[in-house]
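Take a look at the structure set out below.
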């Protein structure tokens, strides 16, 4: 009977000791100072920084202020098939340029957008668009154009442009 109980008692003692050690050795919470370097420059320096930042912001064009870029939530993975075998994978990250305040509309239509974008990328891959010098402007221009057309079709009056944020090809 003791042979059966002893392993259970030892396991419980080990668990209790581990929990106790974890609690006892937990690092103390770090205090974060609001201004760790002190107010070395004073209010005059802060005012000068604000003025400089204001000058820089005024140089932005009105067009840039009226748009926002909505990044698609996940990357797009496109297999490159040669014969009957997958010999490479292309991974792309995209964002859509929309008027300011329309990001929620993009999020609502994202499944439809992803479907259309994937169809275009699969067609581009099947026509050899990701072969050879696939990062040249000549190779990417048709893809960009078709992605933008699809975004405008799925989000009429909302989508302005599509940007390729990241582009990678991995041979298998």
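At-a-glance table
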{"quantity": "Efficiency of FRET between residue 165 and residue 82 - r from beta-carbon atoms, R0 22 angstrom, step 0.05", "calculated": "0.25"}
{"quantity": "Sequence of 169, 119 once ranked by neighbouring C-beta atoms within 10 Å, starting from the fewest", "calculated": "119, 169"}
{"quantity": "Mean separation of Cα contacts under 8 Å (6+ apart) over length of segment 66-105, as relative contact order %", "calculated": "51 percent"}
{"quantity": "Contour minus Cα-Cα distance for residue 68 and residue 91 (0.36 nm per residue)", "calculated": "6.0 nm"}
{"quantity": "Gyration tensor over alpha-carbon atoms, segment 64-171, equivalent ellipsoid semi-axes in Å", "calculated": "26, 13, 12"}
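Bear in mind these aren't lab numbers, they're just calculated from the coordinates by the rules spelled out. Here the structure is a predicted model, which is why all the values come from computation and not from measurement. With ideal geometry, Cβ positions are generated from the backbone for all residues, glycine too; neighbour counts draw on all protein chains shown.
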